[in-house]
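Following: one structure in structure tokens, then a few remarks.
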Amino acid sequence: MSPDDMTDAQRARRRHLLDTVIEMLGETSPDRMQMREVSERSGVALGTLYRYFPAKQHLLAAAMVAWNDILAERLAEERDSGRRRSAHGSVLERVVDLYTRQMKAFQRGPNFARLEVELQTSDDPYVRDTLDERSAANRKLLFELMEGVPAERARLASLSIGSTMLNSLVLWTTGRIGFPEALRNVQDVSRLVLEER
């Protein structure tokens, strides 16, 4: 069921389910989460939960997008209020700040990092479409931060930094590198592709 086809009450119930999953991901890994437990914690009947999200991966993908939206809203509020010094810095400073904050959000919520890796490898059409919509929103924000950068260079920067971030999350969540190295990888590639020569 698409949120566009829902009543206000249904959208509120859907949002409550997603908030519950976000809260649960603060405590447990995505592979251990059970639909019955989400139903019990949210107070939403299991049958109703399945009407909104017919599969656990659909629920997790929607929760990942909701979590991403919370972070994006915080960043936008800070940028609009001018609270972040780097909000008005160079393109490189703004992009490094954005990706540093995203990586630190994953550090605070490592289950979201694990979920990101899991969802990125899903072949489920709903999950793919959901992540594609989120990626489009994230790219829009990134391209706004790269205003003035030629379109092809901005596209390659987005591709390079995003791929490095995903690779770094894979390596970090599987214990092959520590978080400081994962963060440094993302920052270094940002500088490599965006520094003026």
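Here are the numbers for this structure:
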| quantity | calculated |
| --- | --- |
| Spin-label zone in the stretch 140-181 - amide nitrogen under 12 Å from a point set 7 Å from the Cα of Gln107 along the C-beta vector | 178-181 |
| For the chain: accessible area per residue (Å², 1.4 Å) | 54 Å² |
| Accessible area of the chain belonging to carbon and sulfur atoms, whole % at 1.4 Å probe | 49 percent |
| Cα-projected label distance for Leu192 with Glu144, points at 7 Å along beta-carbon direction, nm | 2.9 nm |
| Difference of contour (0.36 nm per residue) and Cα-Cα distance, Leu171 to Val65 | 36.0 nm |
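The values are calculated or read from the model by the stated rules, or taken from the named source; none is laboratory data. What you are looking at is a predicted structure, and each value in this text was computed from that prediction instead of being measured. Note that we place each Cβ from the backbone using ideal geometry, even for glycine, and neighbour counts take in every protein chain shown. Heads up: the accessible areas ignore ligands, DNA and RNA and are worked out on the full protein's heavy atoms, side chains in. Shrake-Rupley method; radii C 1.70, N 1.55, O 1.52, S 1.80 Å.
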